[in-house]
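J.: Sharing a structure here in structure tokens format.
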Number of protein chains: 2
Amino acid sequence: MDIKIVDVASKAGVSPATVSRVLNKANNVTLKTRTKVMEAIQELGYHPNAAAKNLRSQRSMAIGVIAQDINSAYFTEIIKGVENMAYAQKYKVIICDSENQRDKEREYLNLLMDRTIDGVVLIAPLISDEEICQIADKGYSVGIIGRNINHEKIPCVFTDNVKFSQQVVLYLIENGHRDIVFISGYAESTDSYERLEGYLKALRDRQIPFRPELLENGDFNEDGGYEAMKRLFAKNAHFTAVYCANDEMALGVYKACAERNIRIPEDLSVIGVDNNRISKYITPTLSTVNQPKYTMGAILTEKMIDQMNDDVHHDKRVFVVDSEVIIRDSCKPLGE
Amino acid sequence: MDIKIVDVASKAGVSPATVSRVLNKANNVTLKTRTKVMEAIQELGYHPNAAAKNLRSQRSMAIGVIAQDINSAYFTEIIKGVENMAYAQKYKVIICDSENQRDKEREYLNLLMDRTIDGVVLIAPLISDEEICQIADKGYSVGIIGRNINHEKIPCVFTDNVKFSQQVVLYLIENGHRDIVFISGYAESTDSYERLEGYLKALRDRQIPFRPELLENGDFNEDGGYEAMKRLFAKNAHFTAVYCANDEMALGVYKACAERNIRIPEDLSVIGVDNNRISKYITPTLSTVNQPKYTMGAILTEKMIDQMNDDVHHDKRVFVVDSEVIIRDSCKPLGE
DNA sequence: ATACACCGTGAAATCGATTTCAATATATAG
DNA sequence: CTATATATTGAAATCGATTTCACGGTGTAT
């Protein structure tokens with residue numbers, strides 16, 4: 001049913017080899033034959049069979065992306081960056097949603113093994129550095145967003161979580177807050193862990209004792225933030241500011257506060273992380289930390305495709321991108 | 001470098017054909033040979049090459065999804081449904097973001113033509129019915145979410161936009177509202193068009209004259225809703241309720257109101273569509289219309305895979321799923 | 001004991017492109 | 001006008017699996 005290269009060849013009165021040369025823009029084809037072939041392709045509506053092409057050329061022109069949750073704006077922004085860069089270089093993108101499960105992440109990595117994809121981008125992966133290195137050692141292309149992995153073949157793009165986290169908390173402290181809640185994400189997540197580290201560091205910097213009862217986990221989603229807040233209220237602990245490891249959880253905090261008639265920022269200052277698209281539309285507008293998510297996806301993808309296309313050992317492998325604390329209406333100096 | 005089927009065969013002391021039979025669960029292999037082969041596969045860490053398999057079997061075990069914007073929760077929820085169902089049936093999913101551009105939608109459809117994917121799911125496509133039918137006529141598998149297309153080979157899943165839209169507006173009218181704004185999405189979108197139709201129908205039902213100045217376009221995103229609202233304020237038109245063709249635009253409306261100290265719902269009732277994950281977290285909680293997005297993705301995918309796997313002409317092709325108007329805190333009876 | 005069916009296995013063809021290598025046609029130099 | 005270099009082209013091998021077909025071996029019926 002489908003048109004094959006031989007059909008085009010016979011219609012154009014040439015050999016399949018020549019048709020292939022035209023398709024792949026080899027320069028050693030006469031203009032005359034080239035036009036003959038192109039006409040035949042047009043007339044027959046010929047599309048080269050991808051499987052045959054992949055088999056012979058040993059590449060699929062596809063890359064995989066493994067994200068923890070494609071419902072979360074953090075991941076989709078990054079994926080857009082990946083997708084656009086890939087598309088520009090004629091690569092397809094296979095998106096996999098690991099649903100925050102380490103096992104599903106592993107299963108998807110198996111996709112790589114059968115050469116369905118030429119390489120894989122891991123966004124904030126849950127599996128260990130060792131496991132990732134092993135895959136790269138086997139000769140597969142891997143790139144990481146959101147973590148730094150020490151392997152010469154693995155390009156990495158990330159921000160300094162500890163640093164901006166520290167900045168956020170120092171900002172709150174400088175505005176008079178001392179009783180600052182931290183709502184973390186998944187325990188297994190590097191991001192979550194490092195943001196906690198920055199929080200603790202800032203407290204230490206200003207010699208404010210760490211109060212464990214102000215630490216809660218919200219699993220990076222709205223409901224988690226909401227429930228974490230309810231637990232805090234139940235504890236009857238005193239606090240004047242809440243720092244959430246992402247914006248989704250901050251939204252949950254907003255809801256919990258609305259239910260208790262706690263005013264933001266008058267009664268409580270709130271800061272999130274990610275600069276989620278909605279953060280500037282909610283009331284009050286949410287203070288947060290911006291990461292160049294789209295760019296991170298794009299940079300890494302470009303780098304990976306580069307690396308896949310030639311074995312030249314490149315200079316730059318690790319990209320640390322800047323993040324920026326954005327203060328909006330959701331926080332104010334204490335007692336003002 | 002890679003292990004091939006012949007390597008497994010020689011290690012197990014059998015022919016490649018037998019290895020293939022084991023891999024594909026043919027039942028005509030002795031238990032003894034089967035275990036021998038499986039051991040060899042294990043020891044060598046063999047993964048069948050996808051390209052070779054695809055070429056010979058004439059299928060890629062992959063389906064494509066074309067969405068207008070993978071940053072929008074409406075699409076990602078559906079995609080999750082598609083992804084999970086596909087995964088369960090061992091299909092990979094290639095996700096394409098058309099960025100609301102009809103041309104990019106067409107370009108991605110070309111992926112289908114080279115057999116990279118076995119079929120494609122179009123979510124709220126922008127291209128015409130005719131174009132879609134043509135593709136199906138050429139023998140490609142296509143499924144549609146969010147529109148009904150009259151072609152016996154194309155499974156469709158959608159809700160009755162006109163109906164729920166009418167319900168929403170009638171609800172507002174029954175609560176005393178007569179001056180109701182409608183903020184539409186993309187002009188080209190069927191969803192947007194049909195929701196407008198429902199709006200108009202409800203007005204007609206209650207003999208309320210249509211006021212064109214209460215009609216604005218918000219392009220389905222937060223900023224569009226925000227700007228639409230500002231234009232309405234500038235017009236100085238009188239209205240007591242706003243119906244947005246999706247929740248994102250309603251969020252923009254919230255922001256515009258906050259800036260003018262217009263209270264929701266006291267001064268203005270707001271209703272959206274989609275039951276976006278955030279709609280019950282914002283303040284006040286947003287009234288909206290729920291569609292079973294995940295289920296829609298899953299149903300259609302199941303149906304498509306079914307259809308791809310046997311040519312049996314199935315009974316049910318069109319699935320109309322129920323939508324439900326959810327009234328939350330963002331609207332109240334007029335003058336109460 | 002003979003004939004026939006059936007089961008397990010291997011050899012070889014096949015999927016549809018790309019690519020190597022050799023052959024032919026053309027161009028350039030002497 | 002011949003000899004050599006170069007530009008185009010085609011035949012055939014190749015990528016790595018699946019699948020058809022044929023063959024030998026075992027089991028059952030007559």
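No value in this document is a laboratory result; all are computed from the given coordinates. The structure presented is a predicted model; accordingly, all values stated were derived computationally and were not measured. Cβ coordinates were reconstructed from backbone atoms using ideal geometry, including for glycine residues, and neighbour counts include every protein chain displayed.
J.: For the Cα atoms of chain A, what angle does the longest principal axis make with the long axis of helix A:222-235, in degrees from 0 to 90, nearest 10?
T.: 20 degrees
J.: Now for a different question. Each residue of the stretch B:205-212 in order: what ³J(HN,Hα) in whole Hz does its phi give by Karplus 6.51 cos²θ - 1.76 cosθ + 1.60, θ = phi - 60°, with x for Gly and Pro?
T.: Going residue by residue, I get 3, 9, 6, 9, x, 6, 10, x Hz, with x marking Gly and Pro.
J.: Which is farthest toward the positive dipole end of chain A among A:Asn161, A:Tyr46, A:Asn110, measuring Cα position about the Cα centre, with Cβ charges +1 (Lys, Arg) and -1 (Asp, Glu)?
T.: A:Tyr46
J.: Looking at the protein assembly as shown, send over the antiparallel percent of its DSSP beta bridges, to the nearest 5. It would help to have the intermediate numbers written out before the result.
T.: Values: 7 of 69 bridges.
Antiparallel bridges: around 10 percent, rounded to the nearest 5.
J.: Hey, another quick one. Residue-wise, which Karplus ³J(HN,Hα) couplings in Hz belong to the stretch B:261-272, taking 6.51 cos²θ - 1.76 cosθ + 1.60, θ = phi - 60°, and x for glycine or proline?
T.: The phi angles translate into 6, 8, 8, 10, x, 4, 9, 8, 8, 10, 9, x Hz.
J.: Right, here's the next one. Using a label position 7 Å from Cα in the Cα→Cβ direction, what is the ascending list of nm distances from B:Arg204 to the same site in the other copies?
T.: The projected label point of B:Arg204 is separated from its counterparts by 7.1 nm.
J.: Classify the stretch B:161-290 as rounded, prolate or oblate, taking a ≥ b ≥ c as the square roots of the eigenvalues of its Cα gyration tensor: rounded when a/c is under 1.5, otherwise prolate if a/b is larger than b/c and oblate if not. Don't skip to the end; give the middle numbers.
T.: On the way: a/c = 1.30, a/b = 1.16, b/c = 1.12.
Verdict is rounded for the stretch B:161-290.
J.: Right, next: Measuring from label point to label point, each 7 Å out along Cα→Cβ, what is the B:Asn28 to A:Lys138 span in nm?
T.: Placing both labels 7 Å along Cα→Cβ, they lie 3.3 nm apart.
J.: What does the charge dipole of the protein assembly as shown about its Cα centre add up to, to the nearest 20 debye, if the Cβ of each Lys and Arg holds +1 and the Cβ of each Asp and Glu holds -1? Walk me through the intermediate numbers first.
T.: Details: 82 positive and 96 negative charges, 345 e Å.
I would put it at about 1660 debye.
J.: If you don't mind, there's one more thing I want to ask. Quick one: which residues, 5+ away or cross-chain, put their amide H under 5 Å from the amide H of A:Phe319? H built at 1.01 Å from N.
T.: Long-range HN contacts for A:Phe319: A:Cys156, A:Val157, A:Phe158.
J.: Here's another thing I want to ask about it. Mind checking the angle between helix B:247-259 and chain B's longest principal axis? C-alpha axes, 0 to 90 degrees, to the nearest 10.
T.: The helix B:247-259 is inclined about 40 degrees to chain B.
J.: Next question, about the same structure. Can you tell me the orientation of helix A:31-44 relative to chain A, as the angle in degrees between its alpha-carbon axis and the longest Cα principal axis, to the nearest 10?
T.: Tilt relative to chain A: about 70 degrees.
J.: Net charge near A:Ser98, counting Lys/Arg +1 and Asp/Glu -1 over other residues with Cβ under 13 Å of its Cβ? Could you put the intermediate results ahead of the total?
T.: Details: positive: A:Arg102, A:Lys104, A:Arg106, B:Lys80; negative: A:Asp69, A:Asp97, A:Glu99, A:Asp103, A:Glu105, A:Glu107, A:Glu188, B:Glu83.
Residues near A:Ser98 contribute -4 overall.
J.: Taking chain A as a Gaussian network, Cα atoms linked when under 10 Å apart, which of A:Thr30, A:Thr159, A:Thr288 shows the biggest mean-square fluctuation?
T.: So, out of A:Thr30, A:Thr159, A:Thr288, the one fluctuating most is A:Thr30.
J.: Shifting gears a bit: Quote the relative contact order of the stretch B:57-122 in percent (integer), defining contacts as alpha-carbon pairs under 8 Å separated by 6+ residues. Present the calculation step by step, with values, prior to reporting the outcome.
T.: Working: 91 pairs, mean separation 34.3, N = 66.
Relative contact order, the stretch B:57-122: 52 percent.
J.: Further, regarding this structure: Tell me the distances, shortest first, between A:Pro16 and the same position across the other copies, using label points 7 Å along Cα→Cβ, in nm to one decimal.
T.: Inter-copy label distances (nm, one decimal, shortest first): 1.7.
J.: Please identify, among A:Ala245, A:Ala298, A:Ala50, the residue showing maximal mean-square fluctuation in a Gaussian network model of chain A using a 10 angstrom Cα cutoff.
T.: A:Ala50
J.: Here is a further query. Filter the chymotrypsin sites (Phe, Trp or Tyr not before Pro) in the stretch A:175-222 down to the DSSP loop ones having no more than 15 other Cβ atoms within 10 Å, then list what survives.
T.: Values: sites: A:Phe182, A:Tyr186, A:Tyr193, A:Tyr199, A:Phe210, A:Phe220; in loops: A:Tyr186, A:Phe210, A:Phe220.
Counting only loop positions with at most 15 other Cβ atoms within 10 Å, the chymotrypsin sites (Phe, Trp or Tyr not before Pro) in the stretch A:175-222 are A:Phe210.
J.: Please rank B:Cys331, B:Cys133, fewest neighbouring Cβ atoms within 10 Å first, as an exposure proxy.
T.: Working: B:Cys331 25, B:Cys133 16.
Going from sparsest to densest Cβ surroundings: B:Cys133, B:Cys331.
J.: Among A:Asn49, A:Asn217, A:Asn71, which one moves the most in a GNM of chain A with springs linking Cα atoms closer than 10 Å?
T.: Among A:Asn49, A:Asn217, A:Asn71, the largest GNM mean-square fluctuation belongs to A:Asn49.
J.: Report ³J(HN,Hα) in whole Hz for each residue of the stretch B:157-171, in order, from the Karplus equation J = 6.51 cos²θ - 1.76 cosθ + 1.60 where θ = phi - 60°; Gly and Pro get x.
T.: Each residue of the stretch B:157-171 in turn: 10, 6, 10, 8, 4, 4, 5, 5, 5, 4, 4, 4, 5, 4, 4 Hz.
J.: Determine the percent antiparallel among the DSSP beta bridges restricted to chain A, to the nearest 5.
T.: Numbers: 3 of 34 bridges.
Here the antiparallel bridges make up roughly 10 percent for chain A.
J.: Something else now. Find out how many positive minus negative residues lie around A:Val289, taking Lys and Arg as positive, Asp and Glu as negative, among other residues whose Cβ is under 12 Å from that of A:Val289. It would help to have the intermediate numbers written out before the result.
T.: Working: positive: A:Lys163, A:Arg195, A:Lys293, A:Arg328; negative: A:Asp160, A:Asp191, A:Asp247, A:Asp274, A:Asp322, A:Glu324.
Here the count lands on -2.
J.: Also: Run the helix sum for chain A: -39,500 (n - 2.57) per DSSP H stretch of 4+ residues, divided by residue count, reported at 222 nm to the nearest 500 deg cm²/dmol.
T.: Calculated at 222 nm, the ellipticity per residue is -14000 deg cm²/dmol.
J.: Using alpha-carbon pairs under 8 Å, 6+ residues apart, how would you state the relative contact order of chain A in percent?
T.: Details: 614 pairs, mean separation 54.8, N = 336.
Worked out over chain A, it gives 16 percent.
J.: Taking square-rooted eigenvalues a ≥ b ≥ c of the alpha carbon gyration tensor, is the protein assembly as shown rounded, prolate or oblate, where a/c under 1.5 means rounded and, failing that, a/b exceeding b/c means prolate?
T.: Oblate, because a/c is 1.5 or more while a/b does not exceed b/c.
J.: Something else now. For the stretch A:154-232, rounded, prolate or oblate, judged on the Cα gyration tensor with a ≥ b ≥ c (square roots of eigenvalues), a/c < 1.5 rounded, else prolate if a/b > b/c? Don't jump to the answer; show the numbers that get you there.
T.: Working: a/c = 2.11, a/b = 1.09, b/c = 1.95.
Cα axes put the stretch A:154-232 in the oblate bin.
J.: Which FRET efficiency value, to the nearest 0.05, is calculated for A:Val6 and A:Glu131 with the Förster distance at 56 angstrom and r the Cβ-Cβ distance?
T.: Here the calculated transfer efficiency is 0.80.
J.: Further question on the same structure: Order by neighbour count: A:Ser279, A:Ser15, fewest other Cβ atoms within 10 Å first, most last. Provide the component values of the computation, followed by the final result.
T.: Numbers: A:Ser279 23, A:Ser15 13.
Ranking A:Ser279, A:Ser15 by Cβ neighbours within 10 Å, fewest first, gives A:Ser15, A:Ser279.
J.: Can I ask one more? So who's got an amide H within less than 5 Å of the one on A:Val242, skipping anything under 5 residues away but keeping other chains? H placed 1.01 Å off N, in plane.
T.: Under 5 Å from the amide H of A:Val242: A:Val181, A:Ser269, A:Val270, A:Ile271.
J.: Also: Give the average, rounded to an integer, of partner chain Cβ atoms located within 10 angstrom of each Cβ in A:113-119.
T.: Values: counts 7, 9, 8, 10, 2, 0, 0.
Counting Cβ atoms of other protein chains within 10 Å of each residue's Cβ and averaging gives 5.
J.: Note down the net charge around A:Gln167, summing +1 for each Lys or Arg and -1 for each Asp or Glu among other residues with Cβ under 12 Å from its Cβ. Before the final figure, lay out the partial values.
T.: On the way: positive: A:Lys163, A:Arg195, A:Lys201; negative: A:Asp160, A:Glu174, A:Asp205, A:Asp322, A:Glu324.
Combined, the nearby Lys, Arg, Asp and Glu give -2.
J.: Quick one: dipole size for the stretch B:161-290, taken about the Cα centre, charges +1 on Lys/Arg Cβ and -1 on Asp/Glu Cβ, in debye to the nearest 20. Numbers along the way, then the final one.
T.: Values: 15 positive and 19 negative charges, 79 e Å.
For the stretch B:161-290, the charge dipole is close to 380 debye.
J.: Placing a label point 7 Å from Cα toward Cβ, how far apart in nm is B:Arg106 from its equivalents in the other copies, listed shortest first to one decimal?
T.: The answer, with the shortest distance listed first, is 4.7 nm.
J.: Next question. Normalising by the residue count of the stretch A:161-290, find the relative contact order in percent from Cα pairs under 8 Å and 6+ residues apart. Show your work: numbers first, answer last.
T.: Values: 236 pairs, mean separation 30.6, N = 130.
Answer for the stretch A:161-290 is 24 percent.
J.: Using Cα-only point scatterers and the Debye equation, what is log10 of I(q)/I(0) for chain B at each q in 0.09 Å⁻¹, rounded to two decimals?
T.: Results for chain B at q = 0.09 Å⁻¹ read -0.58.
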